[in-house]
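See structure below.
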Amino acid sequence: MMKVVILDYGSGNLRSAERAVARTGVDVTVTDDLAAAAAADGLVVPGVGAYAACMAGIEQLGAGPVIADRVAAGKPVLGICVGMQILFDSGVEHGVETKGLGLLPGSVTKLAAQRIPHMGWNTVQVPEGSRLLAGLPADTRFYFVHSYAAQDLDLLAQAGAEVTSASHDLPFAAVVEAGALSAAQFHPEKSADAGFALLSNWVATLR
């Protein structure tokens, strides 16, 4: 049985993420043990709340190098919500820029939309070749709760990443796939059957 670790660094919907991933049939552990995170077949990096607070938790645990080493070695990592955002070079909240893990290019910035936060169900624009969203119909909806996002889609594309976009007045990155690194701005664990399908597709990449 494949082993998946959900990284506990003091942030994230850990138990709901645990239950959602376990539905796919893998062995799931929620832990702050970096050796377990390094050795697992798959690593999930969750995250809710402020970018700076999530990065502080990652740094206090010393998890950044473990995540980076996994990606460099081609070992799957999935970032969710703010766990996606901290994979980028930086995040800007309330005029303060916080350094991220630098595994994806660009900065996470506030959505330029009339209604903030972006909360609720929204469709996504899936590119051909997406592994995470394979088999899902074009009108599939996922559940979002966020005020910030990666919005420089061209920069991600230039870096060779597969980008699935969504729009909330303007487009932003909803899913990014770059080799062993995958990330979703929405919450798969709150997205019912669509979220289960995404997690199942991700688990399939562990084999």
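Here are a few things to note about the model shown:
- Residue pairs meeting the criteria (Cβ under 7 Å; at least 6 apart or on separate chains; first farther than 14 Å from Trp121 by Cβ, in the range 177-197; second of a type in the set (Val, Ile, Thr) and assigned to a loop (DSSP other than H, G, I, E, B)): none
- Residue check for Ser200: in contact (Cβ under 8 Å) with a residue 40 or more places away in the chain and under 16 Å from Val124 (Cα atoms): no
- Residue that is surrounded by the most Cβ atoms within 10 Å (Cβ to Cβ) [pool: residues in the range 49-89 that are within 11 Å of the chain's Cα centre (by Cα) and not in a helix (DSSP H, G or I)]: Ile86
- Residue within the range 186-195 that is open to solvent by 60 Å² or more (accessible area, probe 1.4 Å) and under 22 Å from Val5 (Cβ atoms) present: yes
- Any hit, the range 70-81, residues being touching a strand residue (DSSP E or B) at 6+ places or on another chain (Cβ under 9 Å) and at positive phi: yes
- Residues that are open to solvent by 20 Å² or more (accessible area, probe 1.4 Å), in a loop (DSSP other than H, G, I, E, B) and closer than 17 Å to Leu87 by Cβ within the range 149-172 comprise Gln151, Asp152, Ala159, Gly160, listed in sequence order.
- Residue satisfying all of: in the range 107-126; among the small types (Gly, Ala, Ser) and within 28 Å of Asp139 (Cβ to Cβ); surrounded by the most Cβ atoms within 10 Å (Cβ to Cβ) among these: Ala113
- Checked against the criterion of being modelled with pLDDT under 95, charged (D, E, K, R) and open to solvent by 50 Å² or more (accessible area, probe 1.4 Å), the candidates Arg23, Arg15, Arg19 yield just one match: Arg15.
- Count of residues meeting criterion [open to solvent by 40 Å² or more (accessible area, probe 1.4 Å) and either free of Cβ contacts under 8 Å to residues at least 40 places away in the same chain or over 17 Å from the mean Cα position of the chain (by Cα) (or both)] in the range 135-148: 5
The values are calculated or read from the model by the stated rules, or taken from the named source; none is laboratory data. Fair warning: this is a prediction, and the values are worked out from it, not measured in the lab. With ideal geometry, Cβ positions are generated from the backbone for all residues, glycine too; neighbour counts draw on all protein chains shown. Surface areas here come from the heavy atoms of the whole protein model, side chains and all, with no ligands, DNA or RNA. Shrake-Rupley method; radii C 1.70, N 1.55, O 1.52, S 1.80 Å.
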